[in-house]
1. Grab the eigenvalues of the alpha-carbon gyration tensor for the chain, scale each by 5, take roots, and send me the semi-axes largest first in whole angstrom.
2. Keeping all protein chains in position, work out how much accessible area M117 exposes to a 1.4 Å probe, and write it in Å² to the nearest 10.
3. Rank P68, P126, P45 by mean-square fluctuation in a GNM of the chain with C-alpha springs under 10 angstrom and give only the top-ranked residue.
4. Please give the Cα centre distance for the range 1-19 versus the range 98-120, rounded to the nearest Å.
5. Cα axis of helix 111-124 to longest principal axis of the chain: angle in degrees, 0 to 90, nearest 10?
6. Heavy atoms only, 1.4 Å probe, whole protein assembly: order V17, V49 by accessible area, highest first.
7. Find the relative contact order for the chain and round it to a whole percent, using C-alpha pairs within less than 8 Å whose residues are 6+ positions apart.
8. Show the residues, 5+ positions off or on another chain, whose built amide H is closer than 5 Å to the amide H of A101.
Amino acid sequence: MENGDVTVILLILIMVVGYLIWRIQRWLDRSTQKRMRIPRQSDIPQDEVVELLEGAGFDVLAGKTKIPITMTINDREQLESRLFIDYFAQKEDQIYLVKVAKERKPLEMTGSSVRDMLLAYSLIYPEAGGVLYVDMALNKIKKITFHIEV
């Protein structure tokens, strides 16, 4: 073998190993996506929110979903609460959590207000593409994504 042949074989070997690593990473990412805990319901009530979402190209997967939360204080006292997600919607391959605006608790579009009201939902379902905030008074859908630097 000549010197150039060894170089070509090494380059081919590096490309094959790189391709295998890339395929394994894609396979691992895909298996994580399949483990989504996103509920799916067949009997979603048709209301104006669902119509707005479907008009914007979203498929509504599930209606109101309750997420129970248990908290322990000082290893003794136990508190319970819950979060509600109004809908789950999908567009292309992305799943979104949907929160509908409420008159009595409007969302100010400031960093701290959006964080306080919607970040918890994004942390519960990190595989989701974001949170859709639906304001029926304005007939608007706002897609909110969180990017956390650690």
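1. 42, 22, 16
2. Result for M117: roughly 60 Å² accessible.
3. Per the Cα network of the chain with a 10 Å cutoff, P68 tops the list.
4. That distance is 55 Å.
5. Roughly 70 degrees, rounded to the nearest 10.
6. Result of the area sort, largest leading: V17, V49.
7. Result for the chain is 15 percent.
8. Here V134, D135, M136 satisfy the definition.
The values are calculated or read from the model by the stated rules, or taken from the named source; none is laboratory data. Predicted model only: the values in this text are computed from it and were never measured. The area values use the complete protein model at the heavy-atom level, side chains included, leaving out ligands, DNA and RNA. Shrake-Rupley method; radii C 1.70, N 1.55, O 1.52, S 1.80 Å.
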